[in-house]
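The values are calculated or read from the model by the stated rules, or taken from the named source; none is laboratory data. If you're wondering where the values come from, they're calculated on a predicted model, not measured in any experiment. Counting neighbours? That spans all protein chains shown, and the Cβs are built from the backbone with ideal geometry, glycine included.
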Amino acid sequence: MPGYSYNSNKKRRAVRKPSAIKPAARAHGKRSEDQELVAFFDWVRWNEPANSVFSLIFHVANERKTSPRAGAYLKRKGVRAGIPDVCVPVARHGYSALYIELKIKPNKISDAQKERMLALHGAGNCVRVAWSAEELIELVKWYLFED
């Protein structure tokens, strides 16, 4: 049903408008990458009822910190270093998909990320870097809706 989502208890609850992260949740006035991703995906979920293409956007959760044993198991399952954080698997502007790496300053793109981003671009994908949830939103709006 539009406007509602379901939790694991199968209880209906209203989907709220995305809200700004409270200043108290910020470290030294800056949001973390996790907080920026949450804000971005709040916006994505808010837009899903109006346009089903938003339901295709996903986060690639490859930033786990694990034990060596767990890390080896994740690699066996296909987790790869350097994959960008967000994927929009929709063909637009002559590209197969949009991949976006989110970085919060002073963080920088790693060598593994540079290599993976070049490979994804070489395979016909649009690859970008965003420095905030706002930039993520603007990139997705450009990619999906501008000619």
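Each residue in the stretch 91-122 was checked for being at pLDDT 95 or above, farther than 17 Å from residue 40 by Cβ and among the hydroxyl-bearing types (Ser, Thr, Tyr), and 2 of them qualify. Listed by first and then second residue, the pairs linking a residue in the stretch 119-139 that is small (Gly, Ala, Ser) to a residue that is part of a helix (DSSP H, G or I), with Cβ atoms under 7 Å apart and 6 or more places separating them unless they lie on different chains, are 130/136; 130/139; 132/36; 133/36; 133/39; 133/40. Does residue 125 meet the test of being polar (S, T, N, Q) and at pLDDT below 95? No: the conditions fail for residue 125.
Within the stretch 40-54, being within 15 Å of residue 98 (Cβ to Cβ) and of a type in the set (Ser, Thr, Tyr) holds for no residue. A residue that is at pLDDT 80 or above and exposed (fewer than 14 other Cβ atoms within 10 Å of the Cβ) occurs nowhere in the stretch 3-24.
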